Each structure stands twice: as structure tokens, then as C-alpha cells.
Amino acid sequence: MKDVPTSGLYLFKSCLVSTEYPGVESSLRFIFDRLGIDYISDPRQSCCSGLGYYFDVFDHLSTVAVAARNLGLAEELGYRNIVTLCATCYAINKNSLHSLHENPELASQVSGILDKIGLSYPDKMDKNNIFHEVDILAALKNKIASMVEIDFSGLRIASHHACHYTKVFREDALTDPNRPYLIDSIAKSTGAVPVEYAEKTMTCGAGFRQRHCNKDLSLSLTLEKLRSLKTAGTEVLLHMCPNCQIQFDRYQPVIERLTGEQFGIYHLQIPQLIALSMGADPYTVVGIQTHSVPIEPLLKRFGIKVKA
Amino acid sequence: MIKKSVLNASWDGKFAEEILEDPQAPKGLLKCNQCGTCTANCPAARFTSYNPARLVRDVLAGAREKVLSSADIWQCFYCYTCHANCPRGNSPTELVRILRLKALAQGHAKEEVARFLAFGECFAEFGIGGMPSDIVESHANEFGHRWVKMRLHIDDLREVLGLQAMGLPENAQKQLKSLLHHTGFMERLQRLSSDSEICQSRGMR
Ligand code: SF4
Ligand code: SF4
């Protein structure tokens with residue numbers, strides 16, 4: 001099993017977290033602050049370009065060069081353990097370092113470009129320096145369990161493990177892509193009860209372009225997953241990627257309108273559930289006001305104070 | 001009735017070799033034994049006529065034009081389920097990526113990416129990707145007032161959450177843009193946007 005660091009963390013900002021669910025980032029920072037984890041946030045870091053890559057707008061060289069720039073900044077700061085909040089950021093950075101190591105020609109081309117703009121090449125880093133928040137949270141789950149203030153005992157949660165974490169670099173994921181259980185095991189530290197569902201391993205349906213260009217196809221997948229989640233009696237679906245979270249939190253109401261079926265499932269990214277259980281404020285830390293499916297009814301049930 | 005074979009007039013015996021010249025090409029491409037594991041697990045195959053095992057077979061059979069002009073390669077979700085499970089080290093996902101870029105380079109299917117070019121432009125300007133205006137509009141209709149209000153006030157919301165402002169410091173942004181010039185990305189955007197009608201209506205987020 002890989003070594004998971006809990007210091008020298010470079011918190012890698014995600015465009016979708018930043019603009020859709022910023023509470024994911026503040027929740028993770030809240031958890032890290034509470035646990036005394038040493039991390040840094042770098043205003044110079046750009047978004048990973050991954051959405052552009054999978055929209056087929058970005059070519060390989062450009063995405064790898066963008067990654068090398070960001071990773072070079074992290075290396076220069078001495079914060080070499082990249083922690084992403086999004087599965088696409090995770091796989092894009094990992095894949096870029098993987099390519100640079102496999103392909104010396106590409107490496108020298110990228111290093112030449114960085115040189116021209118006055119930046120250094122991340123030569124001390126390899127793909128094992130790239131982590132996802134779930135790697136870190138899994139390593140911290142016993143500590144988290146000891147700091148739980150709100151006990152979610154009895155809450156029926158299910159997980160949606162992001163494809164670009166479990167499937168792109170299968171050997172580096174802390175869970176099996178065909179029987180994923182990592183998010184569930186982290187959530188258990190809050191007392192929540194994991195449930196299994198038939199479509200657990202199927203992709204969320206976003207499919208990058210498919211959400212925008214092939215909406216019926218995209219939502220057909222999401223609908224299948226929602227039906228299977230409902231059959232299993234899921235109350236909260238836990239996510240690890242903002243793109244999947246959009247697909248469920250934003251589109252569940254759309255699908256309910258289109259089909260007349262009601263799902264009523266809450267959607268949170270795993271750091272949000274953990275932060276709530278550690279006593280974080282729903283609005284100034286967890287950011288539930290940016291969600292489409294209101295989280296208030298759930299929080300009231302567990303005695304957390306919410307706005308009317 | 002006699003069915004048409006995939007090996008029609010325009011087949012190219014060197015197609016697979018040409019794909020393997022790309023450093024991103026899946027190492028196990030030639031080892032595919034048509035076991036069908038990829039298709040069995042593929043969400044696109046479940047809901048459409050797309051079939052990754054058949055796509056691999058067509059590529060190995062040299063059906064270049066059929067593959068590059070097919071709408072099927074645009075149905076993939078890039079979910080990597082096939083990539084994770086292929087017993088022969090092949091990756092239909094990575095193959096699709098190469099085929100799509102090849103199709104674009106040959107002038108096929110520009111309309112498939114046209115509406116996403118704004119993401120690249122926004123990235124070059126602000127260091128963070130953004131959605132084109134037509135997508136933002138359709139999201140406003142789908143997600144409603146609550147979402148629109150949230151997006152309008154995102155900067156204030158971030159402040160409430162104690163988060164840094166979005167966007168890069170000026171110097172860093174300049175560096176990033178210059179990096180994108182050096183990689184040829186800005187030229188690529190130009191190339192992809194030329195003679196595409198859909199592009200006229202695009203705008204920033
Ligand atoms: S799973 Fe792999 S070997 Fe089997 S058909 Fe698909 S690409 Fe070929
Ligand atoms: S990556 Fe594409 S081809 Fe592979 S399983 Fe997913 S949708 Fe199918």
C-alpha cells in the first residue's frame with residue numbers, strides 16, 4: 001500500500017470546486033486545521049485544464065506543460081505532496097508526470113518551455129506525489145473518529161467513487177474500481193451506515209462533453225444510478241469529485257421534473273460530511289447554500305442549527 | 001442478405017502502426033483478443049450503438065475512414081472502465097482520445113469541440129476554465145434561480161467561506177499565457193475555431 005503523507009501538502013485548487021461547491025475546499029481546510037495538518041494554498045496555481053483536455057480542446061503537450069508549471073511551483077515551495085479535491089485534477093496531474101517520466105523527448109520539450117518563461121521543471125516529483133483528498137482522509141480516519149461532535153449514527157449513506165480516481169491509475173487507488181469502498185470506510189468514522197447499490201461502479205453520466213452535447217444519454221445513466229440508489233434506501237450520496245456532484249446534486253431535480261419520479265437524495269462531498277460531523281458551520285464552512293438539493297432538512301434531523 | 005464488411009474500399013493496413021507512433025497510444029493495442037470485456041462494462045455501449053471492442057477491431061483491420069468519420073467515437077464518456085479492466089493491457093479510452101484528435105486534425109468533427117473552445121480561451125485569460133455562454137444559459141434554465149443567484153454572488157460566497165479570490169496574480173497569468181503560446185495551444189484554438197459557425201455565438205462564462 002502506498003505511503004500517504006499528512007504534511008507538506010499542496011492543496012490543489014479545482015475550477016469546479018471553486019465555482020460550484022467552494023464549501024468542499026473550506027471543509028477540507030477546516031478538517032486539516034483541526035487536525036494540525038501542514039498544507040499550503042498557492043494563488044499562482046492554475047486550474048489543471050483537465051475539462052479542456054476531455055472536451056478534446058487541449059492537446060497533450062499543453063496539458064502536460066500546464067501540469068509541469070503547477071507542479072514546479074509546488075516543488076519550489078517545498079510542498080511536494082499534491083492533494084486534489086477533484087478526480088480529474090488527480091488523474092491529469094498523475095498522467096502528466098507519468099508521461100514526462102516515460103517520454104524523455106516530451107520532458108525536454110516541456111522543460112525548455114518552462115525555462116523560457118522563467119520557471120523550474122519539477123524534476124524531484126513523480127506520479128506518486130499526487131494524492132486525492134480521500135487518500136489523506138482515509139489515513140486520518142481514526143483521528144477524525146475521535147473528534148466527532150455530531151454523530152451520524154443510523155444515517156444511510158452510499159458512495160460514488162469517481163472514475164478518474166479508481167480507474168485511470170487502478171494500481172494507485174486505495175480501493176478496487178469494481179468493488180469500491182474507500183469513501184464508505186471514511187464515512188463510517190462519523191457513525192454513518194454504508195449501503196451497497198447495484199450501479200455503484202457505473203460512471204456518473206457527465207462524460208465531459210456528453211452532459212452538454214448528448215444530454216439524453218448523459219441523464220439516462222444518472223437516472224439508472226438514482227433508481228438503484230433509491231432501491232437501496234440511500235439517504236445521502238457521498239462524492240469525491242465536483243463534476244460527479246454537479247451531475248447528481250444539480251441534475252437530480254431536473255431528472256425528477258422530467259420523469260415525475262422522486263429521489264430525495266442529499267449529495268455531499270466526503271469532506272463536507274466529515275466537517276459537519278466535526279462541528280463545522282453549514283454556511284460559513286460547509287457552504288451548503290451553493291447546493292441545488294437543500295441540505296437543511298437532513299441537518300435539522302441531527303440537531304444542527306440551520307437558517308429557516 | 002449479404003452484409004457489408006468493415007473492410008470497404010478505403011482500408012489502410014498501416015493505421016494501427018500509425019496510432020502506435022503516438023506516445024499516448026495504449027501499449028496493448030495489438031494484443032486485443034476481442035474478449036469483449038470492455039463492451040460488457042461500457043456505459044456508452046449500454047445505451048447507444050457504440051461498441052469499444054468493435055472499434056478496436058476496426059482500427060486493427062485498418063478501417064481508417066470509417067473510424068475517423070464515425071459519430072461513435074464521440075459517444076465515449078472517458079470513464080476509463082474499459083481501461084481499468086482490459087485483460088490485455090489495451091485501453092479503448094486512450095484509443096478514443098487519439099482517434100478524436102486525429103479526426104479533428106483532419107478537419108472532421110470540428111463542430112464536436114466548437115462549443116468548448118471558450119473553455120480554452122477563458123483558461124488562457126484567467127487561469128481557470130469557464131463554460132461558454134450557451135451552456136451557462138442552458139444551466140440557468142435547468143438549475144433555476146437558486147443556481148443563478150449563487151453564481152452571481154460566488155465571489156462573496158467564497159469570502160464568507162474564507163477562501164482566496166479566484167484568478168491568478170497578474171504575473172503568474174502572463175507566464176501561463178506565454179506557456180500556452182509556446183506549446184502551440186493558442187494556434188490550436190485558432191485552427192479549431194476557423195470555419196465553424198457555432199463559434200460565432202460563443203462567449204465567456
Ligand atoms: S477488453 Fe481489451 S482485449 Fe478485450 S476486447 Fe476490449 S480491448 Fe480487446
Ligand atoms: S471510457 Fe469510453 S469506451 Fe471505455 S468504458 Fe467508458 S465510455 Fe466505454
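Please treat every number below as a calculation from the coordinates, not as lab data. Please read all numbers here as calculations on a predicted model, not as lab measurements. Note that we place each Cβ from the backbone using ideal geometry, even for glycine, and neighbour counts take in every protein chain shown.
Values for this structure:
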item	result
Average beta-carbon neighbours from other chains, 10 Å sphere, peptide A:278-290	3
Centroid-to-centroid separation of the stretch A:37-58 and the stretch A:64-109 [C-alpha atoms, Å]	10 Å
MRE, 222 nm, helices only [DSSP H, n ≥ 4, -39500 (n - 2.57), over chain A, to nearest 500]	-13000 deg cm²/dmol
Gain in span if fully extended, B:GLN34 to B:ASP155, counting 0.36 nm per residue against the direct Cα distance	38.4 nm
Gain in span if fully extended, A:GLU102 to A:ASP3, counting 0.36 nm per residue against the direct Cα distance	33.4 nm
Cα convex hull of the stretch A:112-207 - mean projected area over all directions, nm²	9.4 nm²
Net charge dipole size for the stretch B:110-201 [Lys, Arg +1 and Asp, Glu -1 on Cβ; Debye, nearest 20]	240 debye
Built amide H within the under 5 Å cut-off of A:HIS132, gap 5+	A:THR84
Length-normalised contact order of the stretch A:9-132 in % [C-alpha pairs under 8 Å, at least 6 apart]	31 percent
Magnitude of the charge dipole, the stretch A:148-301, Cβ model with Lys/Arg +1 and Asp/Glu -1, debye to 20	380 debye
Over chain B, relative contact order from alpha-carbon pairs under 8 Å, at least 6 apart, %	20 percent
Between 0 and 90°, nearest 10: helix A:215-231 axis offset from chain A longest Cα axis	50 degrees
Cα gyration tensor shape for the stretch B:110-201, rounded if a/c is under 1.5, else prolate or oblate	oblate
Relative contact order for the stretch A:119-215, counting Cα pairs under 8 Å that sit 6 or more residues apart, in percent	32 percent
Estimated FRET transfer efficiency (A:SER41, A:LYS141; beta-carbon r; R0 25 Å; 0.05)	0.60
Helix A:87-102 vs. chain A, principal-axis angle (Cα, 0 to 90°, nearest 10)	20 degrees
The stretch A:148-301: C-alpha gyration tensor shape, a/c 1.5 cut-off, then a/b vs b/c	oblate
Paramagnetic reach from B:GLU170 (point 7 Å along Cα→Cβ, amide N under 19 Å) across the stretch B:120-157	B:124-128
Cα convex hull volume per residue for the protein assembly as shown (Å³)	149 Å³
Bins of 5 Å, starting at 0 and running to the largest distance - Cα pair percent for the stretch B:2-150	2, 9, 15, 17, 18, 13, 10, 8, 5, 2, 1, 0
Three principal axis lengths of the stretch B:69-170 [C-alpha, angstrom, descending]	51, 34, 31
Estimated [θ] at 222 nm from DSSP helical runs (n ≥ 4, -39500 (n - 2.57)) normalised by residues in chain B, nearest 500	-14500 deg cm²/dmol
Peptide B:55-63 - average C-beta neighbours from other chains (10 Å radius)	0
Summed residue charge, Cβ within 12 Å of A:GLN269's Cβ, Lys/Arg positive, Asp/Glu negative	-4
Neighbour net charge for A:ASP42 - beta-carbon separation under 12 angstrom, K R +1, D E -1	+1
On Cα atoms only, tilt of A:60-77 relative to the major axis of chain A in degrees	90 degrees
Pair B:ALA71, A:GLU256: separation of 7 Å Cα→Cβ label points (nm)	3.3 nm
